[in-house]
Amino acid sequence: MAYEIKHYLKFISPLFLWALSFSSHVNADSPIPLSLKDAMISATQTHPTVTMKRKEYEASLYSVDAAEWQRFPSFSVTTSNSPLSTTPVTILTIDQPIWSGGRITANIESSRAKSIVAAASIFEAEQSILVKTVSAFSEILRLQSRVLASNENIEEHQRLLALIERRSNSQISPESEVTMAIARLQQAKSELVQLQTQLVNARADLEQLISMPVGQLRVPAFNLDFDKNFEQVLSQVMAYSPRLNRLHYEVIASDHETDLKRSNLMPQVSIRHQDFYGGNYPGNTTFLAVTFQPGNGLSSFSNIKESESKRDAAESNVDVAKKELADDLRTAWFKVESSRAEKDIYSKLVEATRSQYESSVRLYAAGRKGWLEVLNFRKEATQAKYQSADSEWGGFFAMMKIKINTGTVNEFMNISSMDR
C-alpha cells in the first residue's frame, strides 16, 4: 500500500522543479559563461548532502508502507514436539487486529510525519546549499573586482616609480623617494598575490558546491530595492521556511510517538485462526484473542514521560528557529539597505579619490605636493574601489539570501546579465 506524500506535504522545492525542467547544462569548457542560475541548479542536482536527504526520504516512504501493512492479517507457522504425540505438531496462525488501543494508527501517523520531516529536510538542505553557492559566487565576483583594482594599482605604482626614477636620475628628487615608491609597488604586488590566492580558493569552494570546474562567470545585473516592508518579508520567511516545516512535523511525530507509547498500556484485540497439523488432535479453531504486553515493570510510564519531554523539546526548537530566522533576516535586511545607501556614496568616493590622485601627481610635478602625499592618494583611490566592491557584492549576497529564504529566488533570477 503506497503512501502518497503529496496529500500531506504542503511545501515543495520550487528550485528542484525548476532544475528538473531545465535542460541546458553549462560547464567550464562551454564558451557560455557560468550564470548564477546554472550554478544554483547544478548545486541542488549534484550536491551529496541533497542526494543523501533524498535517499533518506525514499527510505521513509517504505517505513510508512510497512506501518500501514500492520492493519492487515499477520501469518505465522510454528512447529514443536509434543509429549502427548509421537509426531511434531505444526500450528498455522492467522491474526487479524481489530482494536489495538491506537497503536497501529499512532505508528502509521508517526511514520507519515517522519516522512514529511524527511521531505522537508531535502528542501532545507537545498536551501542551505543555495545560500552557500550564492556566497561563493558573489565572493568570486567581489574578489575579481578587487583584483581589477589591484592590477590598476600596480600599473599606477609602476608609472609612479618610473616618474620618480627619472626625477632622481636628474637629481631633482632624493633617492629616499625612489625607495619609498619601490616599497609601495612591492606592497601592491603582495596584495595582488593575496587576492589571487583568495580568488583561487573561492573558485575551489564553488567547484565543490556545483561539482564541476568554474571558468568565466556571468555577472548578474540587479537592484537592491524591496517591494515589501520588513514585517511582510519576515512573514514570508516564516511561512516558507523548510526548517520550520521540518520542526513542525517533528512536533507532530513526537505527539504520535507519545500516543504509541501510551497504547502499550492497552490490550490488543484480534481475531485469531489456527490450523493444527500432526499430533493426536489435528483440526482448526477460530477465536477472539486479547493480548496485553505492557512491558517490564513501570517502563511504559517512563517511556511515555520520555516521549512527552522530547515533544516539549521539539516545540522549543520551533521557537528557537523562529528567533534565529528573524535575526538572520534582520542582519541581511540591514546589509541590503546599507549597501543600497552606500552605492552612490562609493561611486562618488571612487571618482573623488581618483581625481585627487591625478591632481596630486600634477601638483607634485609643480612642486606643490609631497611624494608621500601622492602615494597616500594612490592608496586611498585603491581602497575606495575595494570598499565599493565589498559593499556591492555584500549587498547582492544579502539580497539573494533573502530571496532564497522567502522562496522568491526564481523571480529574482529572471534578470538581465552581462559577462565579466
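Of all residues in the stretch 359-404, those satisfying the criterion of being polar (S, T, N, Q) and under 16 Å from Ala181 (Cβ atoms) are Ser360, Asn376, Thr382. Only a single criterion out of (1) crowded, with 16+ Cβ neighbours inside 10 Å; (2) modelled with pLDDT under 90; (3) farther than 30 Å from Ile404 by Cβ is not satisfied by Phe75, namely (1).
Kindly indicate whether Arg354 is of a type in the set (D, E, K, R), under 44 Å from the mean Cα position of the chain (by Cα) and closer than 30 Å to Lys322 by Cβ. Talk me through it step by step, then tell me what you get.
Details: of a type in the set (D, E, K, R): yes; under 44 Å from the mean Cα position of the chain (by Cα): yes; closer than 30 Å to Lys322 by Cβ: no.
It is false that Arg354 is of a type in the set (D, E, K, R), under 44 Å from the mean Cα position of the chain (by Cα) and closer than 30 Å to Lys322 by Cβ.
Screening the candidates Ser176, Ser190, Ser168, Ser270 for the property of being among the hydroxyl-bearing types (Ser, Thr, Tyr), over 30 Å from Ala39 (Cβ atoms), touching a residue at least 24 places away in the same chain (Cβ under 8 Å) and not in a loop (DSSP other than H, G, I, E, B) yields one hit, Ser270. Filter the stretch 222-264 for residues that are basic (Lys, Arg) and under 28 Å from Thr49 (Cα atoms); which is surrounded by the fewest Cβ atoms within 10 Å (Cβ to Cβ)? Checking each candidate, the answer is Arg243. A search for C-beta distances below 6 Å between a residue of the stretch 327-341 that is within 13 Å of Lys401 (Cβ to Cβ) and any residue that is among the polar types (S, T, N, Q) and in a helix (DSSP H, G or I), counting only pairs 6+ apart in sequence or on different chains, returns Ser339/Ser391. Any idea which of Glu207, Glu231, Glu250 is within 25 Å of Ser339 (Cβ to Cβ), modelled with pLDDT of 90 or more and of a type outside the set (Ser, Thr, Tyr)? Selected residue: Glu231, the only one of Glu207, Glu231, Glu250 that is within 25 Å of Ser339 (Cβ to Cβ), modelled with pLDDT of 90 or more and of a type outside the set (Ser, Thr, Tyr). Of all residue pairs spaced 6 or more apart or on separate chains, those with beta-carbon atoms under 8 Å, a first member in the stretch 290-310 that is surrounded by 12 or more Cβ atoms within 10 Å (Cβ to Cβ) and a second member that is modelled with pLDDT of 80 or more and acidic (Asp, Glu) are Ser307/Glu257; Lys310/Glu257.
Does the stretch 381-411 hold any residues that are of a type in the set (D, E, K, R) and touching a residue at least 60 places away in the same chain (Cβ under 8 Å), and which are they?
To start, the set of residues in the stretch 381-411 that are of a type in the set (D, E, K, R) comprises 385, 390, 392, 401, 403, 411.
If the condition is that a residue be of a type in the set (D, E, K, R) and touching a residue at least 60 places away in the same chain (Cβ under 8 Å), then Lys385, Asp390, Glu392, Lys401 are the ones that fit.
The condition of being surrounded by 14 or more Cβ atoms within 10 Å (Cβ to Cβ), under 25 Å from the mean Cα position of the chain (by Cα) and not acidic (Asp, Glu) holds for Val219. Scanning the stretch 407-420 for residues that are assigned to a helix (DSSP H, G or I) and either surrounded by fewer than 22 Cβ atoms within 10 Å (Cβ to Cβ) or modelled with pLDDT of 95 or more (or both) yields Asn410, Glu411, Phe412, Met413.
The values are calculated or read from the model by the stated rules, or taken from the named source; none is laboratory data. Computed from a predicted structure; not experimentally measured. Methodologically, a virtual Cβ is constructed for each residue, glycine included, from the backbone with ideal geometry; neighbour enumeration extends over all protein chains shown.
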